[in-house]
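S.K.: My structure is below; once you've seen it, I'll send some questions.
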Amino acid sequence: MEQPVLALVLGLVAVGILIWVFWPKKGLLARLGKVRMSSQRVLLEDTLKYLFDCEYKGIACNLNSAAGNLNISADQMAKLMAHLKDMGLVVFEGHNIHLTDTGKSYALRIVRVHRIWERFLADETGVQHMDWHGEADIQEHQLSLEEANRIAARMGNPAFDPHGDPIPSTEGEIPPFLGRPLSSLKEGEVAQIVHIEDEPHYIFEQLSALGLYPGMQVYQLDVQQGKITFAADGNECVLTPLFASAITVQPLPKAEPIQEGYQRLSELQPDETANIVGISSYCRGLQRRRLMDFGIVPGNSITAELRSASGDPVGYRILGTTIAIRKDQANLIFINNIKKEQHEQSA
Amino acid sequence: MMEQNKTKNTEEILGMANNLKWELGMGIHDKIVSSLYADAAQIARKTVSMDGDKPAFSLDRKIDKIVTSRWSGFPIMFVLLAVVFWVTISGANYPSGLLASLLVDTLHPILKSGADSFMPWWLSGLLIDGAYLAMAWVISVMLPPMAIFFPLFTLLEDLGYLPRVAFNMDSLFRKAGAHGKQALTMSMGFGCNAAGVIAARVIDSPRERLIAIITNNFSLCNGRWPTQILIATIFIGGMVSPFWAGLVSTGAVVGIAVLGIAFSLIVSWGLSRSVLKGEASTFSLELPPYRPPRVLQTLYTSLIDRTLFVLWRAVVFAVPAGMVIWLVSNIHIGGLSLAEHFIDWSNPFAVVFGLNGVILLAYIIAIPANEIVIPTILMLTVLVTGMSGVGEGSGVMFELDSITSTESILRAGGWTLLTGINLMLFSLLHNPCSTTIYTIYKETKSAKWTLIATLLPIVLGFVVCFFTAQLWYLFAWGFEF
């Protein structure tokens, strides 16, 4: 009687241990990986990165704001800063802290690795866009500059990360910061989103959920206290100033505002035809190239043809062939001018 | 000096390129691609006329409406696949028997006596009883079903129907983090896992392709069907009255196959959320127009590319394995053969998993092909129990025509209903055969994924067998003692 019971218990314990060790994100292996992260060097590098970001955007920066950004106490930050000063990477001017030239080039190296890795994750892997920043925060301390340069060379030396930030060159050059926060845009002005701040995380997630991404045209409709109304590629959005300030835009003085809103391909019903307007910039890398290979490019017309027996992939007719597209992909393809059409005519 | 100049120039140019890229902004690459396509489309609109394919296209639409309809889509698919399997199994029976009687029953004794006349006994045993017999077995069991299954499958593919199956099944596989085309590689795996692994080439997304390759082994391949049917008939069909026996044992085999599909979906789900999380993933599925299949070409390519290719690999692996099988049962240390030493040593361990040492040894030495597992088990059982009058001597694999005499050998080897059930489970969940392992390596070019694809199923197999056995012991205790 006892033996099978004992064996079963031991077996369950063994399976439990295996699961505990290997479980993604919360398992022992994953935790060990995270613990390795919070070393002194990581904190130093993160501080440099923050200081650089402030200088780049022309924001004054002091001990308390840096401590808040890194989520450590002001005392710890003071020790870190003293250490950075001893290393000749920062100088103090009253309350404000500035990077020295050595400090700046150190910071630029980290920023370069960070942004190259984000671009790599976005274009060459299946990592979701919510995770790009967090993963790059880990890799920036582990990857050497040479390794990052090799990755960059393989991707054709990209100039921007997927959030729209410029990637510093190998020489440590970076174009001047031209953007303004969306909240500063006046009524009637037209601009392009150049960057969506990925910190704090909850704001970034909210903005992604609204479908906002770099490259979209925005048209400021109404600015009121506590409420900013604008059209993003023709679709009306409302944000609080806090959220709007996380979006950086570059004014487009001569552009005509896009009047008509877009719909998503997933809304197209069978036997309806529409014009393709574009693919969201969240659809990147291999997947984007694949869609473009099929002819999903602005200006082509596309017809929903048949729904699969289980409902999800829908067959679309484009350029004379039928391809199946899943709903979550169709959500990233923008269309307009939906027309109900007799099929014989469109063929 | 020249060198230095050159590097400086490269850096300068790269720096300039970078500055220009910053000025142009992010979307430049997309804009170039879009304008290329727009130009191409415009030229095509002007110069290509497309009236010719209209009637064919509307017929396509009508067929598509039926085979992808919510009501008739799945029934049509199940009926077609069932017909393919039925034709394969019933059609392969006769040629398989013919080949076996020719290669094993007729040719083997002739070769053996011929070889005995001029070779020492150990050499003729090694070459004829070991190498030749393993090869003969693999060919006679493997060739006929593959020669029927692959052409049928390729015909459906050529007709344009298979992409519609992937289209209908995609939503199920999407939930498991896999690609709809995995339905096709899975079905292909029911014929042969090595062919199923090769078929995963149709999946162009790196992550989904790896998932399809790693989980293909959960499709019960045709080398394992006979084992399942035999064991189910003896142990599970034997539990009920003869009237129900056929139905119950068929149900058990189908149950194992369905369990395999369930495992393949669950493991796909787990893989896509853990080790394969970061791999690039895309979805694309073209639904090509239907066309009359090119029968002769299909026959030729499926016979040469798939059947003979896979068969050749299997034979290459079976020959050395046959020698090993003969050697372990004929090399004696201290009065016992190597096989008996291993079986005695591993028995206590095997009992924990509801198996026995013979089964473990058979699965280790018969790794090249699942087809020779049962002949090896029978030979080893006779060897260990010291039965006389059955089989053809140590190291000579055999099978019996009569199910009752097979049963009496297994019962004499100490098999119970639990051993039968666990053998069926273990036959579903164990490492792929060496042909498949080699094919996985060839396809993935990665030792890591090959290792995972090999070890994952066998670990699962031991876990499942362990819990089945221990629960069994727990409940059987009340009845038996």
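The values are calculated or read from the model by the stated rules, or taken from the named source; none is laboratory data. Just so we're clear, the structure is a prediction, and the values are computed from it rather than from any experiment. Counting neighbours? That spans all protein chains shown, and the Cβs are built from the backbone with ideal geometry, glycine included.
S.K.: For the stretch A:185-242, list the strands (runs of 3 or more DSSP E) that sit wholly inside it and hold at least 2 residues that are without any contact (Cβ under 8 Å) to a residue 24 or more places away in the chain; which are they?
M.R.: In the stretch A:185-242, A:227-232 are the strands (runs of 3 or more DSSP E) which contain 2 or more residues that are without any contact (Cβ under 8 Å) to a residue 24 or more places away in the chain.
S.K.: While we're on this one: Examine the stretch B:281-289 for a residue that is in contact with a Pro (Cβ under 8 Å, 6 or more places away or on another chain), without any contact (Cβ under 8 Å) to a residue 40 or more places away in the chain and among the charged types (D, E, K, R), and state whether such a residue exists.
M.R.: No: zero hits.
S.K.: Does B:ILE211 satisfy the condition of being among the β-branched types (Val, Ile, Thr), within 14 Å of chain A (Cβ to nearest Cβ) and in a helix (DSSP H, G or I)?
M.R.: In short, yes.
S.K.: If we scan the stretch B:162-178, do we find a residue that is in contact with an Asp or Glu (Cβ under 6 Å, 6 or more places away or on another chain) and either part of a helix (DSSP H, G or I) or buried (at least 18 other Cβ atoms within 10 Å of the Cβ) (or both)?
M.R.: Yes - at least one qualifying residue is present in the stretch B:162-178.
S.K.: Shifting gears a bit: Among the residues of the stretch B:46-69, count how many are outside any loop (DSSP other than H, G, I, E, B) and modelled with pLDDT of 80 or more.
M.R.: Within the stretch B:46-69, residues that are outside any loop (DSSP other than H, G, I, E, B) and modelled with pLDDT of 80 or more number 11.
S.K.: When you scan the stretch A:155-163, do you find a residue that is of a type outside the set (S, T, N, Q), out of contact with any helix residue (DSSP H, G or I) (no Cβ under 8 Å at 6 or more places or on another chain) and within 14 Å of chain B (Cβ to nearest Cβ), even just one?
M.R.: Yes, some residue in the stretch A:155-163 is of a type outside the set (S, T, N, Q), out of contact with any helix residue (DSSP H, G or I) (no Cβ under 8 Å at 6 or more places or on another chain) and within 14 Å of chain B (Cβ to nearest Cβ).
S.K.: Among the residues of the stretch A:133-148, are any within 11 Å of chain B (Cβ to nearest Cβ) and buried (at least 19 other Cβ atoms within 10 Å of the Cβ)?
M.R.: Scanning the stretch A:133-148 turns up no residue that is within 11 Å of chain B (Cβ to nearest Cβ) and buried (at least 19 other Cβ atoms within 10 Å of the Cβ).
S.K.: Please verify whether the stretch B:109-119 includes one or more residues that are among the small types (Gly, Ala, Ser), over 30 Å from B:GLU157 (Cα atoms), free of Cβ contacts under 8 Å to residues at least 40 places away in the same chain and not in a helix (DSSP H, G or I).
M.R.: Taking every residue of the stretch B:109-119 in turn, at least one turns out to be among the small types (Gly, Ala, Ser), over 30 Å from B:GLU157 (Cα atoms), free of Cβ contacts under 8 Å to residues at least 40 places away in the same chain and not in a helix (DSSP H, G or I).
S.K.: When you look at A:GLU118, is it within 14 Å of chain B (Cβ to nearest Cβ), at pLDDT 80 or above and crowded, with 16+ Cβ neighbours inside 10 Å, yes or no?
M.R.: Taking the combined requirement at face value, the residue satisfies it.
S.K.: Next question, about the same structure. Scan the stretch A:164-212 for residues that are within 14 Å of chain B (Cβ to nearest Cβ), surrounded by 17 or more Cβ atoms within 10 Å (Cβ to Cβ) and in contact with a strand residue (DSSP E or B) (Cβ under 7 Å, 6 or more places away or on another chain) and report the count.
M.R.: 12
S.K.: When you go through (1) away from every other protein chain (no Cβ under 14 Å); (2) of a type outside the set (Val, Ile, Thr); (3) free of Cβ contacts under 8 Å to residues at least 12 places away in the same chain one by one for B:LEU311, which number turns out not to apply?
M.R.: The one condition B:LEU311 does not meet is (3).
S.K.: Right, another one. Anything in the stretch B:170-189 that is facing chain A (nearest Cβ under 9 Å), out of contact with any Phe, Trp or Tyr (no Cβ under 6 Å at 6 or more places or on another chain), in contact (Cβ under 8 Å) with a residue 60 or more places away in the chain and not charged (D, E, K, R)? List them, or say none.
M.R.: B:LEU172
S.K.: Quick check: is even one residue across the stretch B:123-139 within 25 Å of B:GLN297 (Cα to Cα), assigned to a helix (DSSP H, G or I) and either within 14 Å of chain A (Cβ to nearest Cβ) or not polar (S, T, N, Q) (or both)?
M.R.: Looking for residues that are within 25 Å of B:GLN297 (Cα to Cα), assigned to a helix (DSSP H, G or I) and either within 14 Å of chain A (Cβ to nearest Cβ) or not polar (S, T, N, Q) (or both), one finds at least one in the stretch B:123-139, hence yes.
To keep it simple, each residue is scored yes or no on (1) crowded, with 16+ Cβ neighbours inside 10 Å; (2) more than 14 Å from chain A (Cβ to nearest Cβ).
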{"residue": "B:SER241", "(1), (2)": "no, yes"}
{"residue": "B:LEU247", "(1), (2)": "no, yes"}
{"residue": "B:ALA252", "(1), (2)": "yes, yes"}
{"residue": "B:GLY260", "(1), (2)": "yes, yes"}
{"residue": "B:SER272", "(1), (2)": "yes, no"}
{"residue": "B:LYS277", "(1), (2)": "yes, no"}
{"residue": "B:GLU286", "(1), (2)": "no, no"}
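S.K.: Among the listed residues B:LEU172, B:LEU159, B:LEU184, B:LEU230, which satisfies the condition of being among the hydrophobic types (A, V, I, L, M, F, W, C) and out of contact with any helix residue (DSSP H, G or I) (no Cβ under 9 Å at 6 or more places or on another chain)?
M.R.: B:LEU159
S.K.: Can you give me the ranges of the strands (runs of 3 or more DSSP E) entirely in the stretch A:269-347 with at least 2 residues that are modelled with pLDDT of 85 or more and at the interface with chain B (Cβ under 10 Å from one of its Cβ atoms)?
M.R.: A:301-307, A:314-318, A:321-325
S.K.: Only one of (1) surrounded by fewer than 21 Cβ atoms within 10 Å (Cβ to Cβ); (2) in contact (Cβ under 8 Å) with a residue 12 or more places away in the chain; (3) part of a helix (DSSP H, G or I) is not met by B:GLY414, so which one is it?
M.R.: (3)
S.K.: Let me ask another. Looking at the stretch B:350-368 only, could you name the residues that are touching a Ser or Thr at 6+ places or on another chain (Cβ under 7 Å), not in a helix (DSSP H, G or I) and not β-branched (Val, Ile, Thr)?
M.R.: B:GLY354, B:LEU355, B:ASN356, B:ALA366, B:PRO368
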